[in-house]
Amino acid sequence: MIALSSPVTLTIRQQATTLAWQLVRAARLPFKIAQSQAWATVRLLSQMQTGPTEFSYIKDDRTRRVAIGERPAPAIDKPLVIRYFDLEAGDIRSFRIDRLVTA
């Protein structure tokens, strides 16, 4: 499985497609939904590289969390998980990409 911070250089389209297939396998999402989530994730990660970004996701307790965050410098992620520095809480947080709502 290719992690989000893989050292292999892929085009944005390849990253999104690889991520979509990982979501299909791991989260059992239909490909169309997985592809949409993958593109939203790629967009979010690119926005987070430029500075603080507002986004929301569904937490484990099924509540919606609106966050403002940025990527920590050495971002080593688990597959299908985004780690970010939450500017409101002042701490590192993470969420699964299949739970991303808006970016």
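Report yes if Gln35 is more than 12 Å from the chain's Cα centre (by Cα), modelled with pLDDT of 95 or more and either farther than 20 Å from Ser94 by Cα or aromatic (Phe, Trp, Tyr) (or both), otherwise no.
Yes: the conditions hold for Gln35.
Of the conditions (1) surrounded by 12 or more Cβ atoms within 10 Å (Cβ to Cβ); (2) more than 13 Å from Thr41 (Cα to Cα); (3) at pLDDT below 95, Arg65 satisfies every one except a single condition; which number is it?
(3)
Please enumerate the residues belonging to region 9-32 that are within 15 Å of the chain's Cα centre (by Cα) and touching a residue at least 24 places away in the same chain (Cβ under 8 Å).
Ile12, Gln15, Ala16, Leu19, Gln22, Leu23, Ala26, Ala27, listed by residue number.
Out of the residues in region 9-62 that are of a type in the set (Gly, Ala, Ser) and in contact with a Ser or Thr (Cβ under 9 Å, 6 or more places away or on another chain), state the one that is surrounded by the most Cβ atoms within 10 Å (Cβ to Cβ).
Among those residues, the one meeting the criterion is Ala38.
The values are calculated or read from the model by the stated rules, or taken from the named source; none is laboratory data. Since this is a predicted model, take the numbers as computed values, not measurements. When we count neighbours, we look across all protein chains shown, and the Cβ atoms used for this are built from the backbone with ideal geometry, even at glycine.
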